[in-house]
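Notes for the one structure printed next.
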Amino acid sequence: MKKLFDEIEPRLANFNILSCLHIALMGTNLQLCHQKLIEKIIARMNYEITTVRLKELDRMSLVIALFDIESPSGIEMEFMRNVLDQLKVRVDEIVKHPRCFTSTIHYLTMKGIYDLEMIESVMKQNFIHFAYGEKF
């Protein structure tokens, strides 16, 4: 599998953001982290962060948290801080996908990136009922 990731890496610029995300997610299913490839995907998503959907930010945050990515450049931390900033301005998407919001908050905190107001908002009973239903 590493060979496949090595072959994909130079072609990454030819893929759209969703394809890049799926490449990164493939590694999570296999429990295989190709650090160099993941860093390039993070850099690409970070560059295009204002156009990347909340669902995609959530999934990439999962990859970073799951593999506890730590790059020499620190691109993963820059990306995570930018994701936090994006959450502050994406109310419409959060209303449509509240569970993505809660899971993204969770993944960010795993890397030490958090906003106490956001954490408080996802812990409120009315938000939990909105996101997960009245059973919770």
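Annotations for the structure displayed:
- Selection status of Lys96, at pLDDT 95 or above and touching a His at 6+ places or on another chain (Cβ under 7 Å): no
- For the stretch 108-136, a residue qualifies if it is open to solvent by less than 30 Å² (accessible area, probe 1.4 Å) and either among the charged types (D, E, K, R) or touching a residue at least 40 places away in the same chain (Cβ under 8 Å) (or both), and the qualifying residues are Leu108, Lys111.
- Restricting attention to the stretch 25-38 and to residues that are of a type outside the set (A, V, I, L, M, F, W, C) and open to solvent by 10 Å² or more (accessible area, probe 1.4 Å), the residue that is nearest to the chain's Cα centre (by Cα) turns out to be Thr28.
- Filtering the stretch 1-24 to residues that are modelled with pLDDT of 85 or more and surrounded by 15 or more Cβ atoms within 10 Å (Cβ to Cβ) leaves Leu12, Phe15, Ile17, Cys20, Leu21, Ile23, Ala24.
- Candidates are the residues of the stretch 39-93 that are of a type in the set (Phe, Trp, Tyr) and closer than 19 Å to Thr28 by Cα; the one that is least open to solvent (accessible area, probe 1.4 Å) is Phe79.
- Among the numbered conditions (1) surrounded by fewer than 20 Cβ atoms within 10 Å (Cβ to Cβ); (2) touching a Leu at 6+ places or on another chain (Cβ under 8 Å), the only one that Cys100 does not meet is (1).
- Filtered by the rule that a residue be among the β-branched types (Val, Ile, Thr) and farther than 27 Å from Ile69 by Cα, the stretch 111-132 gives a lone residue, Ile128.
The values are calculated or read from the model by the stated rules, or taken from the named source; none is laboratory data. Predicted model, so just to flag it, every value in this text is computed and none were measured. In this analysis, Cβ positions are derived from the backbone assuming ideal geometry, glycine residues included, and neighbour counts consider all displayed protein chains. Surface areas here come from the heavy atoms of the whole protein model, side chains and all, with no ligands, DNA or RNA. Shrake-Rupley method; radii C 1.70, N 1.55, O 1.52, S 1.80 Å.
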